[in-house]
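The values are calculated or read from the model by the stated rules, or taken from the named source; none is laboratory data. These numbers were taken from a predicted model, which means no experiment stands behind them. Cβ atoms come from the backbone with ideal geometry, glycine included; neighbour counts cover every protein chain shown.
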RNA sequence: GGCCCCAUCGUCUAGCGGUCUAGGACUCUGCCCUUUCACGGCAGCAACACGGGUUCGAACCCCGUUGGGGUCACCA
């Protein structure tokens, strides 16, 4: 999202690439889900899957031929070498040398003779290919963190091609960036420790005529969940589908997410995608990790629902109501008219779109199908029957069936004549209309339902009281 | 454990040497509005991790401590 905002702000090109080099965990399904999520959020890209571009294909699983060719060049140039050590062997050697076994590979195979290689092959071992790391410090100006330095020797030679000949992400990520002319890379802080080896690789590639050296990096703060660990892709809290299903709106989600590590202004935190783009600069992103706070996310989402044009909101609510089975896939005109009238009533009270069925459901039920919730029935008192009885003639007498007149008539009949407090006068009517203790504004709801329907609902509740 | 990153209210943040008795938002509490619930309005609780420097002056610069995080794969 920050890559998108930065590209849009700067007038650059956003390249979207699918890094699916691990056949065991990438699937067509996860690819489609990923693209759908990007689209839902409102992100678009100038090059990538579905839109194409001059540097395609954009799925690494379709770029094998390119990789094979580059690997051969790297080997010929002496930048990559065959390595036979198993992780266990490396760990044992580290330990034997008095170092921590977690240090990993120890560059042991750098100068293997042809004879040694042949003997490993005779054992049935197939080598991986590793890149030789340079002997000097690697330093770069991080767009978020400033100068970052990695001491010479602190990063071991790393694997670029598996024993089975398949290339690894650590290799094809920088390779594709170089091939595709990527100038800026904004990514999570978790990639910070692997940046030195990527920079080393860019330089090696540059030497064999690919690319023009390393792009600029900006390492973004990680987002943590309720716990103290980074939110991982598999974490339920990080599952976008959950938020989509819960009725978060894309504008709200983008707004909230942007606030994790960035802010628009000192005294303002609700903004549109366009305002985000206009104001975004990678230099303003701060480097400390943020925690995902559902409550704030919801509050921002509610604000965005309020910001929507009522017709637009009605449109989105129709889909939610359809999904909930309250509306057909192709609603009738009268159903849509009801929805358009009712939308302003709920716009001020919704946090997420998935509240629509419970808030608006009663508009779409038959008058004799209103279920009276238990907690709603409990609010009824001895005088509720009298309230219902008195409200019927009052409503029959209303001249123009419109919220103001309805309110006046009921106030006169119940609050004035029966001397019942508004809360207890209108409460039973609310229950009659909606079956609930809490509902959208009563008189407006009655206006939308119409006089006949309102009267029938009152009668139905009245009957069930005895 | 090695290496690296980070450090302002519970949370997200503003702050880029003096305008900071540290601002905003979310959460929470109280009040107002009110036919319910919300929305809205007002008020309140609540932070510069600690210790040294540098400086006339430090939340802001430097060092250390502590704490948190990341990373050390033939995953990405």
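Set side by side, the residues A:223, A:172 differ, and just one is surrounded by 17 or more Cβ atoms within 10 Å (Cβ to Cβ), in contact (Cβ under 8 Å) with a residue 40 or more places away in the chain and closer than 30 Å to residue A:286 by Cβ, which is A:223.
Hey, can you tell me all the residues within segment A:100-125 that are in a helix (DSSP H, G or I) and over 30 Å from residue A:193 (Cα atoms)? Write out each step before concluding.
Filtering segment A:100-125 down to residues in a helix (DSSP H, G or I) leaves A:101-103, A:114-122.
Listed by number, the residues that qualify are A:114, A:115, A:116, A:117, A:118, A:119, A:120, A:121, A:122.
Being loosely packed, with under 13 Cβ neighbours inside 10 Å and either assigned to a helix (DSSP H, G or I) or within 9 Å of RNA strand B (Cβ to nearest atom) (or both), is that true of even one residue in segment A:394-401? Within segment A:394-401, one or more residues are loosely packed, with under 13 Cβ neighbours inside 10 Å and either assigned to a helix (DSSP H, G or I) or within 9 Å of RNA strand B (Cβ to nearest atom) (or both).
Go through segment A:111-141 and give me each residue that's farther than 21 Å from residue A:77 by Cβ and buried (at least 16 other Cβ atoms within 10 Å of the Cβ).
Once the filter is applied, which keeps residues that are farther than 21 Å from residue A:77 by Cβ and buried (at least 16 other Cβ atoms within 10 Å of the Cβ), segment A:111-141 yields A:120, A:140.
For segment A:414-453, what are the residues that are surrounded by 21 or more Cβ atoms within 10 Å (Cβ to Cβ) and more than 47 Å from the chain's Cα centre (by Cα)? Selection gives A:414, A:420.
When you go through A:271, A:276 one by one, which is the residue that is at pLDDT 95 or above, in contact with a helix residue (DSSP H, G or I) (Cβ under 7 Å, 6 or more places away or on another chain) and not in a helix (DSSP H, G or I)? On inspection, the qualifying residue turns out to be A:271. In segment A:352-362, the qualifying residues are those that are surrounded by fewer than 19 Cβ atoms within 10 Å (Cβ to Cβ) and within 12 Å of RNA strand B (Cβ to nearest atom), and the one that is nearest to residue A:445 (Cα to Cα) is A:358. When you scan segment A:198-217, do you find a residue that is at positive phi, buried (at least 19 other Cβ atoms within 10 Å of the Cβ), free of Cβ contacts under 8 Å to residues at least 60 places away in the same chain and not in a strand (DSSP E or B), even just one? There is at least one residue in segment A:198-217 that is at positive phi, buried (at least 19 other Cβ atoms within 10 Å of the Cβ), free of Cβ contacts under 8 Å to residues at least 60 places away in the same chain and not in a strand (DSSP E or B). Counting the residues of segment A:283-301 that are surrounded by 20 or more Cβ atoms within 10 Å (Cβ to Cβ) and part of a helix (DSSP H, G or I) gives 3.
Restricting to segment A:23-57, what's the tally of residues that are outside any helix (DSSP H, G or I) and within 13 Å of RNA strand B (Cβ to nearest atom)? Walk me through how you get there before you give the answer.
Taking segment A:23-57 and keeping what is outside any helix (DSSP H, G or I), we get A:23-27, A:42-57.
Then drop every residue that is not within 13 Å of RNA strand B (Cβ to nearest atom), which leaves A:23-27.
Counting residues in segment A:23-57 that are outside any helix (DSSP H, G or I) and within 13 Å of RNA strand B (Cβ to nearest atom) gives 5.
Summed over segment A:140-153, the residues that are near RNA strand B (Cβ under 10 Å from one of its atoms) and either in contact (Cβ under 8 Å) with a residue 40 or more places away in the chain or assigned to a strand (DSSP E or B) (or both) give a count of 8. When residue A:20 is tested against (1) at pLDDT 95 or above; (2) within 24 Å of the chain's Cα centre (by Cα); (3) within 11 Å of RNA strand B (Cβ to nearest atom), only condition (1) is not met. If the condition is being part of a helix (DSSP H, G or I) and farther than 17 Å from residue A:453 by Cα, then segment A:364-389 contributes A:374, A:375, A:376, A:377, A:384, A:385, A:386, A:387.
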